[in-house]
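The values are calculated or read from the model by the stated rules, or taken from the named source; none is laboratory data. The structure displayed is predicted, hence computed values, not measured ones. When we count neighbours, we look across all protein chains shown, and the Cβ atoms used for this are built from the backbone with ideal geometry, even at glycine. Areas reflect the complete protein model, heavy atoms only, side chains present, ligands, DNA and RNA absent. Shrake-Rupley method; radii C 1.70, N 1.55, O 1.52, S 1.80 Å.
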Amino acid sequence: MEKSNISKYDQKESTKVHDINGTQYDSASEKPNLDGDRLNFYLLILLYIIQGFPLGLSSAFTIILQSKKIVTYEDQATFSIALWPYIMNILWAPIVDALYIQFIGRRKCWLIPLQLLMGLFMFYMACNIADWLPESGKPNLKMMLIVVLALNVLSSTQDIVVDGWALTMLKKNNVSYTSMCNSIGVLFGIFLGEVCFTLLVSEEFNTKYFRSTPGTGGLISMKSFLLFWAVLVMSVTFSVGIFKKEKKNLEDGIEKVSVFQNYKLLWEIIKLPNIKGLTIALLTTRIGFIATESVSVLKLIDAGLSKDNIMIMTTVMYVGKFAIPIFISKYITSIKPMSYYLKMTPIRLAWGIVYVTLIYFTPNIIHLNSTVVSVPEYYYLILGFVYVINDLLSFLMLIMLFSFFYQISDPRFGGTYMTLFNTLYFLGWFVPNTLVLKLVDITTFSKCSNDAQNLCSTPDLTSMCTTNGGSCNVYVDGYYITTAICTVIGLVWYGIFKNTLKSYQNLSVSHWMVYSRPLDIDEVHEPCIRSS
């Protein structure tokens, strides 16, 4: 990279940038103003809500399965694979970026079939959910995994499409609102799929808070809820197809990037020295917290807490999550986000120890017998405080990390950069999530209460113990072993990457670019290159 180009780009007061042919352009940005852009703003939020719903649904099924006490942590680890499409979408992102039918629209030609398929899969799930997840009896985990996995493949691909469209749907001076649309929309979609689904279909919630008679089911059945979403998704899709016009940004003298060029660009980005270091950091950044994130709620349910009460506490947490982006969106670009991320890392590791300690004493605080669980009011206050703080710390760190991604992404190829960073982040989340659930299962040891030789290590041995009038009691809980291992790894990660990540945020954007000279800012809203 030529030194002259770096210094020219680094001068904050300069309002000129150069394309690859050396032409100067005025890059002074206008003040954000949603006048004339409000419908686009709300449409983006709606599309992100649709994207977030399958993620929330995946979490809801995990909680519902655990509350029925008919699945193992091994089963949960297998079901967590349903989230893995979000770590693989980088493989087909260049195809989505490069191939399209121009008269339909670069993004619409992908969005319409993707969301129609999402609606159809939701309809298929609605028609079969009563058989796959019965009130009593073993669930059909295989079919649930296949359909939820398919939904997440479609949702993760829709994420590529909407992220790309967001850069061109809004006016140039309003592109900064994209992160707000993303954070609010995806969060609300997860909230609807996780919290609302869990509570509305719960018979216990209906009986306790709406005084319904036992046996009447939830406020709404799983089938009705999923049918409603299937109809909603397809209705939005048809409306976008008919009424929403996509901007045509491919002008004379501009040719679209081919699939091969997109893959080549991606490979060139990955080869950058700073990207290599950042990749290692992102793949390991969540290991320190993953046990408390993935297993703690399941342990609370095992201890006897109601999944409905946990979801009510989660609702309070979501209120905070919705508010945070609104209050900090104006200031987040003016700070050094990785400094704040690193400051919160040891705090969150320490808070995880507080969380685990509370879970350890939970069975001694609540009163559990064969039919009734009695939980003191003060326990809910303590749990709510610990739970909400832990989750808000997680969310703040996420915002800081994604703010850093936006700051270091080359605006010419923003979609490719953000897809790469998202993939690395989710890869460092979902794979450890599955491994941690498996590790908890492996490091947990039980034995039969009336037969010390029976270690309840298989379903047959567990059944034999129950048949003989005993019960399988845990004498080594793998949750605490796994949490200790993760916390130690988190402290080691902090010591290794603290100074490296601080130095990364002090680098100018030019140090993250594949090419030495930035393109015309007016042309960066579509990943295209100038023809000769």
(message) On the basis of being within 23 Å of ILE49 (Cβ to Cβ), open to solvent by less than 20 Å² (accessible area, probe 1.4 Å) and of a type outside the set (A, V, I, L, M), does SER202 make the cut?
(response) yes
(message) Being assigned to a helix (DSSP H, G or I) and surrounded by 19 or more Cβ atoms within 10 Å (Cβ to Cβ) is the filter here; which residues of region 133-144 pass it?
(response) MET144
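Could you check how many residues of region 104-132 are among the charged types (D, E, K, R), in a loop (DSSP other than H, G, I, E, B) and open to solvent by 10 Å² or more (accessible area, probe 1.4 Å)?
Quick first cut of region 104-132, residues among the charged types (D, E, K, R) only: 106-108, 131.
This time we only want the ones that are in a loop (DSSP other than H, G, I, E, B), so: 106-107.
Filter once more, keeping what is open to solvent by 10 Å² or more (accessible area, probe 1.4 Å): 106.
Residues flagged as among the charged types (D, E, K, R), in a loop (DSSP other than H, G, I, E, B) and open to solvent by 10 Å² or more (accessible area, probe 1.4 Å) within region 104-132 amount to 1.
Yes/no per residue for (1) within 18 Å of CYS486 (Cβ to Cβ); (2) modelled with pLDDT of 85 or more; (3) within 20 Å of the chain's Cα centre (by Cα); (4) open to solvent by less than 30 Å² (accessible area, probe 1.4 Å):
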site: SER394; (1), (2), (3), (4): yes, yes, yes, yes
site: ASP410; (1), (2), (3), (4): no, no, no, yes
site: LEU427; (1), (2), (3), (4): yes, yes, yes, no
site: LYS438; (1), (2), (3), (4): yes, yes, no, no
(message) The conditions are (1) surrounded by fewer than 18 Cβ atoms within 10 Å (Cβ to Cβ); (2) at pLDDT 90 or above; (3) not polar (S, T, N, Q), and MET88 fails exactly one of them. Which is it?
(response) (2)
(request) Tell me, please, whether a residue that is open to solvent by 40 Å² or more (accessible area, probe 1.4 Å) and over 21 Å from ASP35 (Cβ atoms) can be found in region 160-172. (result) no
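Looking at the structure I just gave you, is ASP97 surrounded by 23 or more Cβ atoms within 10 Å (Cβ to Cβ) and over 21 Å from the mean Cα position of the chain (by Cα)?
Values: surrounded by 23 or more Cβ atoms within 10 Å (Cβ to Cβ): yes; over 21 Å from the mean Cα position of the chain (by Cα): yes.
Yes.
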(message) So GLU255 ticks every box in (1) modelled with pLDDT of 80 or more; (2) in a strand (DSSP E or B) but one. Which box is left unticked?
(response) (1)
(request) Give me a count of the residues in region 478-487 that are more than 24 Å from the chain's Cα centre (by Cα) and open to solvent by 40 Å² or more (accessible area, probe 1.4 Å). (result) 3
(request) Would you be able to tell me the number of residues in region 323-360 that are modelled with pLDDT under 90, among the hydrophobic types (A, V, I, L, M, F, W, C) and open to solvent by 50 Å² or more (accessible area, probe 1.4 Å)? (result) 2
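For region 366-376, state whether one or more residues are among the small types (Gly, Ala, Ser), modelled with pLDDT under 85 and assigned to a helix (DSSP H, G or I).
Within region 366-376 (the criterion being among the small types (Gly, Ala, Ser), modelled with pLDDT under 85 and assigned to a helix (DSSP H, G or I)), the answer is no, since none of the residues qualifies.
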(message) Any residue at all in region 302-322 that's over 21 Å from GLY384 (Cα atoms), open to solvent by 20 Å² or more (accessible area, probe 1.4 Å) and at pLDDT below 85?
(response) no
